[in-house]
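Quick note: the coordinates plus some simple rules give every number you see, no bench work behind them. Keep in mind that this is a model prediction, so the values were computed, not measured. Please note: Cβ atoms are built from the backbone with ideal geometry, for glycine as well, and neighbour counts cover all protein chains shown.
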Amino acid sequence: MKPFLRALGTTAAGAWLGGMILIAIVAQTTFSEIRKTDVAQPNAIAGRVMAKNFSRFDSVQWICVGVLVATQVGRMGMGDRTRGEWVRLFMIAAAGGLFAFSALVMTPRILGLQETVAGENAEVAVKAAFDSFHETSVRIAKVNLVLVLAIVMSLAMGRPAEATA
């Protein structure tokens, strides 16, 4: 059962990491390509597209966090309580907490300001607030990327699964 839980956790962590890398590529491509078009307010349009992408990806991230927590706690409940397992649990909790903060606090703030920033008479203060929230959100995502990479690596480098008879 422990090897199955490790494999399931590794799959969830790998899916989360891959999704984070993909969404970063998609965001960069979306904004750069839409700016090359003749549409009015290309950043606003790209922002709406990416908001939809992030909303969908958040569902994937919630599932990955849940699977990682469940598999790690399950393995530890079966007696796997080494220091490395506790460190991994801490990393999972930190990554999950950062993601939850981003999804539940930062993203709604950014989305709430998005229409105002896209308006023709957007105030400088509103743009500055939007930029600040966005910059903080990007920093959180970068830290989370490193944490999830560390989780994947720790799962991949963990001791081999015990042979079952």
Would you mind computing, in nm to one decimal, how far apart the modelled labels at residue 127 and residue 63 are, each placed 7 Å from Cα along Cα→Cβ? 4.0
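Want the number for residue 48 to residue 24: 0.36 nm per residue separation, take away the alpha-carbon distance, what's left?
7.1 nm
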Among (1) 30, 16, 14; (2) 39, 15, 11; (3) 54, 19, 13, find the value of semi-axes √(5λ) of the Cα gyration tensor in Å that was calculated from the structure presented, and write down its label. (2)
Could you state the number of Å between the C-alpha centres of region 44-80 and region 141-156? 13
Most exposed first, judged by fewest Cβ atoms within 10 angstrom, 29, 107 run 29, 107
